Amino acid sequence: MTEPRRVCLLITELLPAGAERIVYELATRLDRTRWDVLVCSLRSPAGDDGAVARELAAAGVRTEHVRLAHKLDPRGLVRLTRILRRFRPHLLHAHLFHANLAARLFGRLGRKTRVVSTVHIVERRPLRTRRLLERALAFRDDATVCVSDAVARHAREELGVSRARLRVIRGKRAGSSGSPRAAR
C-alpha cells in the first residue's frame, strides 16, 4: 500500500462561517487511507483557535495555528514556513484572500507542492491593493477554484485568473446537512 498524500488546507481563521464549513467538510470527508490532512489557520482571535478548530479536533483532524499578529507579521510568516516545511504537503489548498496570498507566496517551498486557491466571494468593496496582489500572483496557482459561476467571472475579469487555471465547484445550498455544529 502506498503512503497517503499530504494535503494542507490553509485558511485565514477557523471561526464558524461558509468557507470554514467547506474546509471542515473537506478535512473530515477525505479518505484517511489516501490523504494525510492538516488544517492550518493564519490567525486566531484572542487566544481562541475557533469553534471550527474544536470541531476538527473532535473529528480527529490535525490543526496548526500560525497566529499572525498582523498581516505582515514576520514571526508568523516564519511559523507558517516551518509548518509547511515540516508537513511537506503534496497539495496546499487555500481558502480566502489572506490564505490564498500566503499559499501563492510560500506554497512553492516544497518543489513538489501543488497550490490551489479558492475564491469564495465576489468582493464588491474597492480593495485596489488586494486586486493588484491577486492579479500579480494568480499565475502561481496550479488551479483556482471558485464556488459559483459568478465568482468565476469575477476571478477571471477582476482578479486576472486565466481560464486554463479556473475551476468551478458548486456547493450545496445553505442550510444543508453535514456541516459542523459550530457553523450552524
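Out of Leu26, Leu30, Leu56, report the one residue that is surrounded by 14 or more Cβ atoms within 10 Å (Cβ to Cβ), out of contact with any Pro (no Cβ under 7 Å at 6 or more places or on another chain), within 22 Å of Val119 (Cβ to Cβ) and in contact (Cβ under 8 Å) with a residue 40 or more places away in the chain.
Working: Leu30 fails: in contact (Cβ under 8 Å) with a residue 40 or more places away in the chain; Leu56 fails: within 22 Å of Val119 (Cβ to Cβ).
One residue alone meets the criteria, Leu26.
Quick one: in the range 85-131, which of the residues that are hydroxyl-bearing (Ser, Thr, Tyr) and in contact with a strand residue (DSSP E or B) (Cβ under 7 Å, 6 or more places away or on another chain) is surrounded by the most Cβ atoms within 10 Å (Cβ to Cβ)? Walk me through it before giving the result.
Taking the range 85-131 first, the residues hydroxyl-bearing (Ser, Thr, Tyr) are 113, 117-118, 129.
Now drop any that are not in contact with a strand residue (DSSP E or B) (Cβ under 7 Å, 6 or more places away or on another chain), which leaves 113, 117-118.
Numbers: Thr113: 20, Ser117: 32, Thr118: 27.
Ranking the candidates gives Ser117 first.
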Of the conditions (1) part of a loop (DSSP other than H, G, I, E, B); (2) surrounded by fewer than 16 Cβ atoms within 10 Å (Cβ to Cβ), the single one that Pro16 does not satisfy is (2)
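Going residue by residue through the range 80-97, is there one that turns out to be hydroxyl-bearing (Ser, Thr, Tyr), within 19 Å of Ser117 (Cα to Cα) and at pLDDT below 95? Break it down into steps so the answer makes sense when it comes.
Within the range 80-97, the subset hydroxyl-bearing (Ser, Thr, Tyr) is 81.
In the following step, the residues that additionally are within 19 Å of Ser117 (Cα to Cα) were identified as 81.
Then drop every residue that is not at pLDDT below 95, which leaves 81.
Among the residues of the range 80-97, at least one is hydroxyl-bearing (Ser, Thr, Tyr), within 19 Å of Ser117 (Cα to Cα) and at pLDDT below 95, which makes the answer yes.
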Contacts under 6 angstrom Cβ, first residue in the range 59-77 being among the hydrophobic types (A, V, I, L, M, F, W, C), partner in a loop (DSSP other than H, G, I, E, B), 6 or more apart: Val66/Leu42; Leu68/Leu42; Leu68/Arg43
Just checking, does the range 40-49 include any residue being small (Gly, Ala, Ser), touching a helix residue (DSSP H, G or I) at 6+ places or on another chain (Cβ under 9 Å), under 18 Å from Phe87 (Cα atoms) and assigned to a strand (DSSP E or B)? yes
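Residue by residue, here is whether (1) among the acidic types (Asp, Glu); (2) within 23 Å of Phe106 (Cβ to Cβ) holds:
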position	(1), (2)
Pro4	no, yes
Leu14	no, yes
Glu20	yes, yes
Ala27	no, yes
Asp49	yes, yes
Ala58	no, no
Thr63	no, yes
Leu72	no, yes
So how many residues does the range 30-74 have that are under 16 Å from Leu96 (Cα atoms), of a type in the set (Ser, Thr, Tyr) and at pLDDT 90 or above? 1
Can you spot a residue in the range 64-87 that is assigned to a loop (DSSP other than H, G, I, E, B) and closer than 16 Å to Val7 by Cβ? no
Condition broken by Leu101, with the remaining ones in (1) part of a loop (DSSP other than H, G, I, E, B); (2) touching a Leu at 6+ places or on another chain (Cβ under 8 Å) satisfied: (1)
Considering each of Arg86, Arg6, Arg43, Arg67 in turn, give the residue that is touching a Gly at 6+ places or on another chain (Cβ under 7 Å) and not polar (S, T, N, Q). Arg67
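Can you name the residue in the range 3-13 that is assigned to a strand (DSSP E or B) and either more than 13 Å from the chain's Cα centre (by Cα) or at pLDDT below 95 (or both) and is also nearest to Arg85 (Cα to Cα) among such residues? Please lay out each step first, then the result.
Pass one, the range 3-13, residues assigned to a strand (DSSP E or B): 5-11.
Retained after the next criterion (residues that are either more than 13 Å from the chain's Cα centre (by Cα) or at pLDDT below 95 (or both)): 5-6.
Numbers: Arg5: 15, Arg6: 12 Å.
Once the filter is applied, the top-ranked residue is Arg6.
Can you tell which of Arg114, Arg128, Arg108, Arg135 is charged (D, E, K, R), at pLDDT below 90 and within 17 Å of His90 (Cβ to Cβ)? It would help to see each step written out before you state the result.
Details: Arg114 fails: at pLDDT below 90; Arg128 fails: within 17 Å of His90 (Cβ to Cβ); Arg135 fails: within 17 Å of His90 (Cβ to Cβ).
It is Arg108.
The values are calculated or read from the model by the stated rules, or taken from the named source; none is laboratory data. Here the structure is a predicted model, which is why all the values come from computation and not from measurement. Cβ: placed from backbone, ideal geometry, glycine included. Neighbour counts: every protein chain shown.
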